[in-house]
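Remarks on the structure that follows.
The values are calculated or read from the model by the stated rules, or taken from the named source; none is laboratory data. None of the values given here were measured: they were computed from a predicted structure. Cβ: placed from backbone, ideal geometry, glycine included. Neighbour counts: every protein chain shown.
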Ligand SMILES: [Zn+2]
């Protein structure tokens, strides 16, 4: 990494004004709102991030439908477009559609593509796409869980199919939820590592368990670190003991972070008790690792995070870490909400996961 790294923020005013959920609280759908991006921009402004000469504001790439087709079926794209033209609707249980949805979701894909392209073109060293709607649940053939198009999968397909970039890529998904859409694109692809840390319901069972390891040539390149519900800052970064050796061995040319912040303690959807300090320390660690393996080429793509107090704080913490600046979590985060530690449970999961991974990764043999 050069002594002074440059950071690109992918920003467009449409993300903070369009696709307003037509349902009031407490509907789950109502949390995916333009206020998420507005609150981020406001906090960055207050903290004078935009006047920092190492920060560059970048517009999303304009893309046409052909690019969406790299990751999605024509039927999926057309159904979003038709619904948007009609002006409203709900697709499945968890996706609302407004007249803006198609264009904004397309712009979000353009934002993810621009975040990665800016790094590969060496315009910036790291980037953060402040986009919505999120993407990691979206499937090839349908939207899911507030996600319309799969922003990260689409960006990787663009790299592969449009600009002939065939280097290894690591995706690290830190959203509270398992990226059940994202993982499917690369489940048998040995050139893309998908590593997810997420909340997991060990009682009911869930997708994203430790033995979902990929298939065919991709066996071993899907790695899940399921966390018990209710973890706090003490437990969160335990997953780095698995991630760091894998990243060193996999040796990707690019690292993409599926940056969801819904494990924040006051998130209305997540169940964890993290403060913004966890995201600051995670970013510090991943930046350091990336210096040695991929010249610090790190792209953050916003996924979930629905607390209008917490989301901007977490994004600001990430940017401070990228800038190498100090960061202290605000006093309002200094509660003691989790009374019982889950550290023993988390360490047991870590040991079991390493045992399974020893079949595919020599770092665990
Ligand atoms: Zn989520």
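What do you reckon, is residue 141 in contact with a helix residue (DSSP H, G or I) (Cβ under 6 Å, 6 or more places away or on another chain), over 18 Å from residue 11 (Cα atoms) and free of Cβ contacts under 8 Å to residues at least 40 places away in the same chain? Against the criterion (in contact with a helix residue (DSSP H, G or I) (Cβ under 6 Å, 6 or more places away or on another chain), over 18 Å from residue 11 (Cα atoms) and free of Cβ contacts under 8 Å to residues at least 40 places away in the same chain), residue 141 does not qualify.
What do you reckon, is residue 296 in contact with a strand residue (DSSP E or B) (Cβ under 9 Å, 6 or more places away or on another chain), surrounded by fewer than 24 Cβ atoms within 10 Å (Cβ to Cβ) and within 16 Å of residue 127 (Cα to Cα)? Yes: the conditions hold for residue 296. For region 65-103, filtering for residues that are part of a loop (DSSP other than H, G, I, E, B), under 23 Å from the mean Cα position of the chain (by Cα) and within 21 Å of residue 15 (Cα to Cα) leaves 2. Within region 49-64, the residues that satisfy the criterion of being in a loop (DSSP other than H, G, I, E, B) and at pLDDT 95 or above are 49, 50, 51, 52, 53, 54, 59, 60, 61, 62, 63.
Residues being part of a helix (DSSP H, G or I), without any contact (Cβ under 8 Å) to a residue 60 or more places away in the chain and either farther than 26 Å from residue 155 by Cα or under 16 Å from the mean Cα position of the chain (by Cα) (or both) are entirely absent from region 242-251. If you go through region 299-349 and keep only what is assigned to a helix (DSSP H, G or I) and either surrounded by fewer than 17 Cβ atoms within 10 Å (Cβ to Cβ) or without any contact (Cβ under 8 Å) to a residue 12 or more places away in the chain (or both), you end up with 331, 332, 343, 344, 345, 347, 348.
Of the residues making up region 183-234, those that are within 18 Å of the chain's Cα centre (by Cα), within 23 Å of residue 348 (Cα to Cα) and not in a strand (DSSP E or B) number 4. Scanning region 209-224 for residues that are over 17 Å from residue 252 (Cβ atoms) and crowded, with 22+ Cβ neighbours inside 10 Å returns a single hit, 224. When residues of region 104-124 are filtered for being part of a loop (DSSP other than H, G, I, E, B) and in contact (Cβ under 8 Å) with a residue 60 or more places away in the chain, how many remain? Residues that pass the stated criteria total 2. In the set (1) away from the ligand (no atom under 16 Å from the Cβ); (2) surrounded by 19 or more Cβ atoms within 10 Å (Cβ to Cβ); (3) closer than 22 Å to residue 154 by Cα, the condition left unmet by residue 235 is number (3).
Going by what's in this entry, would residue 274 be described as under 28 Å from residue 25 (Cα atoms) and at pLDDT 95 or above? For residue 274, the condition - under 28 Å from residue 25 (Cα atoms) and at pLDDT 95 or above - is met. The residues listed here are 265, 261; of these, the one that is under 12 Å from residue 278 (Cα atoms), within 16 Å of the ligand (Cβ to nearest atom) and touching a strand residue (DSSP E or B) at 6+ places or on another chain (Cβ under 7 Å) is 265. Scanning region 125-155 for residues that are more than 15 Å from the ligand (Cβ to nearest atom), within 14 Å of the chain's Cα centre (by Cα) and part of a loop (DSSP other than H, G, I, E, B), we see that the one that is nearest to residue 54 (Cα to Cα) is 130. Pull up region 1-48, narrow it to residues that are at pLDDT 95 or above and touching a strand residue (DSSP E or B) at 6+ places or on another chain (Cβ under 6 Å), then point me to the one that is surrounded by the most Cβ atoms within 10 Å (Cβ to Cβ). Checking each candidate, the answer is 10.
So if I check each of 187, 165, which one is closer than 21 Å to residue 244 by Cα, surrounded by fewer than 19 Cβ atoms within 10 Å (Cβ to Cβ), in contact with a helix residue (DSSP H, G or I) (Cβ under 8 Å, 6 or more places away or on another chain) and modelled with pLDDT of 95 or more? From the options 187, 165, the qualifying one is 187. What about residue 200, is it at pLDDT below 95 and within 14 Å of the ligand (Cβ to nearest atom)? Considered against the rule, which asks whether it is at pLDDT below 95 and within 14 Å of the ligand (Cβ to nearest atom), residue 200 comes out as yes.
Here's a check for you: in region 299-312, which residue that is touching a strand residue (DSSP E or B) at 6+ places or on another chain (Cβ under 8 Å) and more than 27 Å from residue 122 (Cβ to Cβ) is nearest to the ligand (Cβ to nearest atom)? Checked region 299-312; the qualifying residue nearest to the ligand (Cβ to nearest atom) is 305. Might you check whether a residue that is closer than 21 Å to residue 65 by Cα, under 17 Å from the mean Cα position of the chain (by Cα) and within 15 Å of the ligand (Cβ to nearest atom) occurs anywhere in region 167-181? Yes.
Take region 270-292 and flag every residue that is in contact with a helix residue (DSSP H, G or I) (Cβ under 6 Å, 6 or more places away or on another chain), outside any helix (DSSP H, G or I) and within 15 Å of the ligand (Cβ to nearest atom). Listed by number, the list holds a single entry, 274.
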